[in-house]
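**Q** Below you will find the structure I want to go over with you.
The values are calculated or read from the model by the stated rules, or taken from the named source; none is laboratory data. Computed from a predicted structure; not experimentally measured. Here the Cβ positions follow ideal geometry from the backbone for every residue, glycine too, while neighbour counts run over all protein chains shown.
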Amino acid sequence: MKKKVVLIAMACLLVGNLFGCGSTNTNTVSSSAEPTTAAETAKVSETESVGMASPGGKDEIMMGTATTGGFTYLWGAACAEILNKYVDGVNVTAQITTGGSENMVRIVNNEMPMGIAGSNVVAQFYDGDADEGITENKNLRTLWVSKATTFSVIVPRNSSYQTLEDLKGKKVSIGNQGGSAAESIYACLEVFGMADNYFDLQYLTMNESKDAMVTGTIDGFITNTSDPHTAMTELFMTGNFRFLDMPQDKVDLITSSIPYMKPSVRAAGTYEKQDKDVIGWGSPYALVVREDFPEETAYQIAKALDEHYDEWIGIASNVEGSTLDAVITNAYAPLHPGVERYAKEKGLIK
């Protein structure tokens, strides 16, 4: 499944290059790097420019997000709104993509200056993944980080399902292929020995999964996203769905087996008729660039997101928890020098 996800990301990248799919006219990024295949995702020279210069005007910056309606797009679009308002000289476009894998491919190939990906995908590209033919990209750097997601399983309220095992052979959605959530969920299923043919896996977006649950087209919906999420809010407003309990031994197994996963709790009352905490695990999402991304721009981005955090939450409530402290604590790839400089000025790192 992992190889399929990366290949889908590469296919979208190639189609975008050939036919303009998934790109905008405002993207001025240029690159001398040749596109690579998934098996050749190579480390790009740290000295190459990200190509954002726009003489006489604002620097046009494409930010890769994911499909509309998902956490990544909402978080990224709100981020772009803050940056365009408070960072002089830039115009950031929240670009719709297939998700974290495509974003990372485009970033390492110098086709896009910044993008959002789950920590699982960042780790895959930063450290390299021999099984997927991805070489390490140690020039990746972190601009900002969200709070941790929460892995959870949604089923019809009146169903007999009580455990993940009860869904064996059933139609279960885990998110769209190429998205960070689907990748991280699949990694968890691999740890449980439930990958491949254990479920009848469906690869639907958050909104598609919501609709399929309402119509009864699927039996379950596994998520790994931050809260509150609009699709989940709408789903639970019907009063017809509930979360499965995750036993502590599953939490312990995942957090001991996957380094970027941490224990996570969805507080009671987050969604309609959720009368108790949902215990699980999760990982943060990160806004990632290459090390050669302009230091002053990175500094101003960090400053804007920190100083206008409350306004950012006002645009998208799932931003809550995306603080400078979270950036320092949860970043997988090293902080960009501009972000590091801002954090030092704030006295959070030495």
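**Q** Can you find a residue that is within 18 Å of Phe192 (Cβ to Cβ), acidic (Asp, Glu) and surrounded by fewer than 23 Cβ atoms within 10 Å (Cβ to Cβ) anywhere in the stretch 124-132?
**A** The answer is no; no qualifying residue exists.
**Q** Report those strands (runs of 3 or more DSSP E) wholly inside the stretch 220-309 carrying at least 2 residues which are over 30 Å from Gly89 (Cα atoms) and among the aliphatic types (A, V, I, L, M).
**A** The qualifying strands (runs of 3 or more DSSP E) are 278-282.
**Q** What number goes with the only condition from (1) surrounded by 15 or more Cβ atoms within 10 Å (Cβ to Cβ); (2) assigned by TED's automatic domain parsing to the domain that holds Ser184 that Arg290 does not pass?
**A** Result: Arg290 passes all but (2).
**Q** Give just the number: which of (1) at pLDDT 95 or above; (2) in contact with a His (Cβ under 8 Å, 6 or more places away or on another chain) does Thr223 not satisfy?
**A** Answer for Thr223: the failing condition is (1).
**Q** Do the conditions hold for Ser226, that is, is it in contact with a helix residue (DSSP H, G or I) (Cβ under 6 Å, 6 or more places away or on another chain), more than 21 Å from Ser322 (Cα to Cα) and either surrounded by 15 or more Cβ atoms within 10 Å (Cβ to Cβ) or touching a residue at least 12 places away in the same chain (Cβ under 8 Å) (or both)?
**A** no
**Q** If you don't mind, there's one more thing I want to ask. Looking at the stretch 326-340, which of the residues that are out of contact with any Lys or Arg (no Cβ under 7 Å at 6 or more places or on another chain) and buried (at least 18 other Cβ atoms within 10 Å of the Cβ) is farthest from Pro259 (Cα to Cα)?
**A** Here the residue is Gly338.
**Q** If Asp277 satisfies every condition in (1) of a type in the set (D, E, K, R); (2) in contact with a helix residue (DSSP H, G or I) (Cβ under 7 Å, 6 or more places away or on another chain); (3) surrounded by fewer than 21 Cβ atoms within 10 Å (Cβ to Cβ) but one, which is the exception?
**A** Asp277 satisfies all of (1) of a type in the set (D, E, K, R); (2) in contact with a helix residue (DSSP H, G or I) (Cβ under 7 Å, 6 or more places away or on another chain); (3) surrounded by fewer than 21 Cβ atoms within 10 Å (Cβ to Cβ) except (2).
**Q** What pairs come out if I take residues in the stretch 131-159 that are closer than 30 Å to Thr217 by Cα and pair them with residues that are of a type in the set (Asp, Glu) and modelled with pLDDT of 95 or more whose C-beta lies under 9 Å away, six or more apart or interchain?
**A** Pairs that qualify, where the first residue is closer than 30 Å to Thr217 by Cα and the partner is of a type in the set (Asp, Glu) and modelled with pLDDT of 95 or more, are Val155/Asp166; Val155/Asp219; Pro156/Asp219; Ser159/Asp166; Ser159/Asp219.
**Q** Mind checking which residues of the stretch 251-273 are touching a Phe, Trp or Tyr at 6+ places or on another chain (Cβ under 7 Å) and polar (S, T, N, Q)?
**A** Result: Thr255, Ser264.
**Q** Taking the stretch 310-323, which residues are more than 21 Å from Val121 (Cα to Cα) and in a helix (DSSP H, G or I)?
**A** Matches in the stretch 310-323: Asp310, Glu311, Trp312, Ile313, Gly314, Ile315, Ser317.
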